[in-house]
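Right, one structure below, let's go through it.
The values are calculated or read from the model by the stated rules, or taken from the named source; none is laboratory data. As the structure is a prediction and not an experimental result, all values here were calculated from the model. With ideal geometry, Cβ positions are generated from the backbone for all residues, glycine too; neighbour counts draw on all protein chains shown. Heavy atoms of the whole protein, side chains included, go into the accessibility calculation; ligands, DNA and RNA do not. Shrake-Rupley method; radii C 1.70, N 1.55, O 1.52, S 1.80 Å.
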Amino acid sequence: MAEEVKLFGTWASPFSRRIEVALKLKGVQFEYIEENLSNKSPALLKYNPVHKKIPVLVHNGKPVAESLVILEYIDETWKHNPILPTDPYEKAMARFWAKYMDDKLWPAATKVVVSKGEEQKAVIEEIQEQLKTLESELKEKKFFGGESLGFVDIAANIIVFLLVAQEALGLMEILTEEKFPVLHEWYQRLVDDAVFKECVPPRERHLGFFKARFGSSTASK
Amino acid sequence: MAEEVKLFGMWASPFSRRIEVALKLKGIQYEYIEEDLSNKSPSLLKYNPVHKKIPVLLHKGKPVAESLVILEYIDETWKHNPILPADPYERAMARFWAKFLDEKLWPAAKKVALSKGEEHNGLIEEIQEHLKTLESELKEKKFFGGESLGFVDIAADIIFWLLVVQETLGLDILTEDKFPGLHEWYHRLLDDAVFKECVSMERLLASFKVRFGALTASK
């Protein structure tokens, strides 16, 4: 049966990249459409009229929006190489932690790149509290998902973006090996993963992206 | 098999009430613990150390937090009277709309409850945009879940809190003429045997009048 899978996304969005990871992990062929967010395509507006945002997955003409919703849809539609656990309690834990990434870490990460001085220091402390929480959740595990990369690891790709932002903007070191040894090891493992590394934005371009968008805000420290 | 199910909640929280609706829909026996949010119990802090919030479901000693996560856990653990559809696409739609309610409607409704005087205007329009979106999603259906009350209807309990706020502050936000579909829908929900056990508009109104009544005096 010929499947038609399209992904509307942007190269620098962690939410978009999450979907690429999931599709590639399952070996699902898809057509990728790069959106220009300052000039959204009629197709994007048609497929996500409520939020007008990427990513949107279109499967056999039917659109799904919201990255975590899309991830669950992918996992339930292509059942091999599961990204969520089968046990309901473990699933609940995975959903809890993915939500934590989006509800806590992401807002703080977006604040840190635009804030300055004392405000920025406060946000950095906030992020480090969150990273402490994640560090103790990860513990001795290889990945948040256990032996292999799963739902929470994919959702935690925000951390990859945070690290690039931190480097691009010359910020106080937020996530360092000495402060967060477990997360540091996890991150190395993630970016070494055959699939995940294909889906990380090209480094120089990504650094340039952060510098261009947020660079000047750190000058007044 | 004796199950031990406990729910840590707060009577005036729509997030807490969602869990009660789901447990009752499935006929699950549970012990309810009412939390005083100004004096949280050691148990709550132990079972939800990350957010320290209600609701928390405890099943055989293992805690689950975050209301939509709890609803999915309940649906996957007690499989009769399902609240989510079986089809993956329909499930994705249900999850999308529940998220919409929590991320769009709830923050706007909260803001209007806490705002005073002129600040209402932009917020009311924003809420009405969201309600328009929900009205067209509901269309001809009895419930968001179709023939019977489902995941999105449970998540949409927030709309009752909006109705209470609107009455308390004397605002016209969700009216029958503007939103006939939603109007019919919430009356249907208030008539539902399980739902009516879990949401008491009278009690909420009384409590809100005490909390927010002072705000209307200065209009």
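When a/c is below 1.5 the answer is rounded, else prolate if a/b is larger than b/c, else oblate, so apply that to the protein assembly as shown with a ≥ b ≥ c taken from the square roots of the Cα gyration tensor eigenvalues. Intermediate values should be presented prior to the final figure.
Details: a/c = 1.42, a/b = 1.36, b/c = 1.04.
Rounded, since a/c falls under 1.5.
Using the alpha-carbon atoms, what tilt in degrees (0 to 90, nearest 10) does helix A:181-192 show relative to the longest principal axis of chain A?
40 degrees
Taking the Cβ of A:Q128 as the center, what net charge do the other residues with Cβ under 13 Å away carry, scoring Lys and Arg +1 and Asp and Glu -1?
Taking every other residue near A:Q128 into account, the sum is -2.
What does the net charge come to around A:K141 if you take all other residues with beta carbon closer than 11 Å to its beta carbon, with K and R at +1 and D and E at -1? Please list the in-between numbers first.
Numbers: positive: A:K139, A:K142, A:R189; negative: A:E137, A:E140, A:E147, A:D153, A:E185.
Taking every Cβ under 11 Å from that of A:K141, the sum is -2.
With a/c under 1.5 counting as rounded, go ahead and sort segment A:5-77 into rounded, prolate or oblate using the C-alpha gyration tensor (a ≥ b ≥ c being the square roots of the eigenvalues; past the cut-off, prolate if a/b is larger than b/c, else oblate).
Prolate, since a/c reaches 1.5 and a/b exceeds b/c.
Would you kindly state the longest site-free stretch of chain A, with sites defined as GluC sites (Glu not before Pro) in a DSSP loop (not H, G, I, E, B) surrounded by at most 15 other Cβ atoms within 10 Å?
Values: sites that count: A:E3, A:E4, A:E140, A:E147, A:E173, A:E177, A:E178.
It works out to A:5-139.
Once you've got the GNM for chain A with C-alpha springs shorter than 10 Å, pick whichever of A:R205, A:R17, A:R189 has the biggest mean-square fluctuation.
Per the Cα network of chain A with a 10 Å cutoff, A:R205 tops the list.
Could you list, in their original order, any pairs among A:K79/A:K139; A:K91/A:K116; B:K62/B:K209; B:K40/B:K139; A:K6/B:K6; B:K53/B:K196 whose Cα atoms are separated by more than 32 Å?
Violating the 32 Å limit, Cα to Cα: A:K91/A:K116; B:K62/B:K209; B:K40/B:K139; A:K6/B:K6.
Membrane-span-like helices in chain B: DSSP H runs reaching 20 Å or more (Cα, own axis), mean Kyte hydropathy at least -0.5?
Qualifying helices: B:201-217.
Which distance in nm do the two modelled labels at B:R203 and A:K40 give, with both placed 7 Å along the Cα-to-Cβ direction?
It is 4.1 nm.
Name the shape class, rounded, prolate or oblate, that the alpha-carbon gyration tensor gives for segment A:41-108, where a ≥ b ≥ c are the square roots of its eigenvalues, rounded holds for a/c under 1.5, and otherwise prolate holds if a/b is larger than b/c and oblate otherwise.
Oblate, because a/c is 1.5 or more while a/b does not exceed b/c.
Can you compute the modelled spin-label distance between A:K142 and B:E125, with each label point 7 Å from Cα toward Cβ, in nm?
5.5 nm
For chain B, with a Gaussian network of springs between Cα atoms less than 10 Å apart, report the residue from B:E20, B:E31, B:E147 with the top mean-square fluctuation.
Among B:E20, B:E31, B:E147, the largest mean-square fluctuation in the Gaussian network model of chain B belongs to B:E147.
With axes computed from alpha carbons, what is the tilt in degrees of helix A:158-168 against the longest principal axis of chain A, rounded to the nearest 10 within 0 to 90?
40 degrees
Roughly what would the spin-label model give for A:R203 and B:M10, points 7 Å off Cα along C-beta, in nm?
Label at A:R203, label at B:M10, 4.7 nm between them.
Roughly how tilted is helix A:203-214, in degrees to the nearest 10 and between 0 and 90, from the longest Cα axis of chain A?
Long axis of A:203-214 versus the principal axis of chain A: about 60 degrees.
What does the charge count near A:P14 come to, summing +1 for each Lys or Arg and -1 for each Asp or Glu among other residues with Cβ under 12 Å from its Cβ? Write down the numbers at each step before the final one.
On the way: positive: A:R17, A:R18; negative: A:E20, A:D102.
So the environment of A:P14 carries a net charge of 0.
What percent antiparallel are the DSSP beta bridges of segment A:5-77, to the nearest 5?
Values: 8 of 12 bridges.
Here the share of antiparallel DSSP bridges comes out near 65 percent.
When all protein chains stay in place, what accessible area (Å², nearest 10, 1.4 Å probe) is found for A:R95?
Only protein atoms counted, so the area is about 20 Å².
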